[in-house]
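Trainee: My questions will all concern the structure given below.
The values are calculated or read from the model by the stated rules, or taken from the named source; none is laboratory data. Keep in mind that this is a model prediction, so the values were computed, not measured. Every residue, glycine as well, gets a Cβ built from its backbone with ideal geometry; the counts of neighbours run over all protein chains shown. In case anyone asks, the SASA skips ligands and DNA or RNA and just uses the protein heavy atoms, side chains included. Shrake-Rupley method; radii C 1.70, N 1.55, O 1.52, S 1.80 Å.
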Amino acid sequence: MDEVTQSYTPSGDAGGPGDGGGGPGRGDGPGDDDGGADRRKVWWILGGVLVAGLIVGIVIALLTNNDSGSKKTAATTPSSTTTSSTSTTSTTIRSTTTSGGTATTAQPTTPVINSFTVPGTVSCRPKKGTTINVSWSTSNTTSVTLSIDGPGIYKSYPGSSGSDSVSFACSVASHTYLLTAKGPAGDTTKTITATREP
């Protein structure tokens, strides 16, 4: 009887010990998955620590800026001291009414003759002429003039008060003495007549 010899050739799919098939030595086994997960965990942890560090740094920077800003403000803000003084000025005020309302302006005050003294009667005996004393006191005045028997000025006097010895002609029965007080707001006059004794 003839013997039948069969030969057996293993196919490449069987995956013997030396081939690159899916045995325990492959790179896609369970050990590879565990290593990737560990690496991902490490990256997550490092990322979290980095983010937390950034947040802490920002908070510290903001707090530092606020403190330095308040210190600068405190250093550059000068302290203020308030002093007050009171002065009293007396001024005569006149009001002028306009269509838009009342405008108040200070106006100079008219001169005032407080006193003007001239003898009422004059004794001319035994002389044909004599002198008399006249005196005056005024307010709001820069100068004073004296006229005798007319508007012409006999003499001018600076200031607001004074006195003088003036002539009195006995050839006529009386003489008129006119005092004019002059000031920034105008003039004020007063007239007194002196009579010769009979």
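Trainee: Normalised by the empirical 2.2 N^0.38 Å for globular proteins, what value does the Cα Rg of segment 114-198 take?
Mentor: 1.12
Trainee: Using only the heavy atoms of the protein chains and a 1.4 Å probe, how would VAL56, VAL122 rank by accessible area, largest first?
Mentor: VAL56, VAL122
Trainee: Another question, if that's okay. Can you list the HN-Hα couplings for segment 152-169, worked out from phi with the Karplus curve (6.51, -1.76, 1.60; θ = phi - 60°), rounded to whole Hz and with x for Gly and Pro?
Mentor: Ordered by residue, 3J(HN,Hα) equals x, 7, 7, 6, 10, 9, x, x, 9, 9, x, 7, 7, 9, 10, 7, 9, 7 Hz.
Trainee: Can you list which of the trypsin sites (Lys or Arg not before Pro) found in segment 97-198 are DSSP loop residues with at most 16 other C-beta atoms within 10 Å?
Mentor: LYS127, LYS128
Trainee: Spin-label point model (7 Å from Cα, Cβ direction): what's the TYR157 to ALA169 distance in nm?
Mentor: Computed distance between label sites TYR157 and ALA169 equals 2.2 nm.
Trainee: A further question follows. When the accessible area of segment 138-189 is computed with all protein chains present and a 1.4 Å probe, what percentage of it is carbon and sulfur?
Mentor: 53
Trainee: When ligands, DNA and RNA are left out and all protein chains stay put, how many square angstrom of accessible area per residue does segment 129-198 have with a 1.4 Å probe?
Mentor: On a per-residue basis, 50 Å².
Trainee: Label-point separation (nm) for ALA61 and LYS128, each offset 7 Å from Cα along Cα-to-Cβ?
Mentor: Here the modelled spin labels are 11.8 nm apart.
Trainee: Can you give the accessible area of SER156 in Å² (nearest 10), computed on protein heavy atoms with a 1.4 Å probe?
Mentor: Estimated to the nearest 10 Å², SER156 gives 70 Å².
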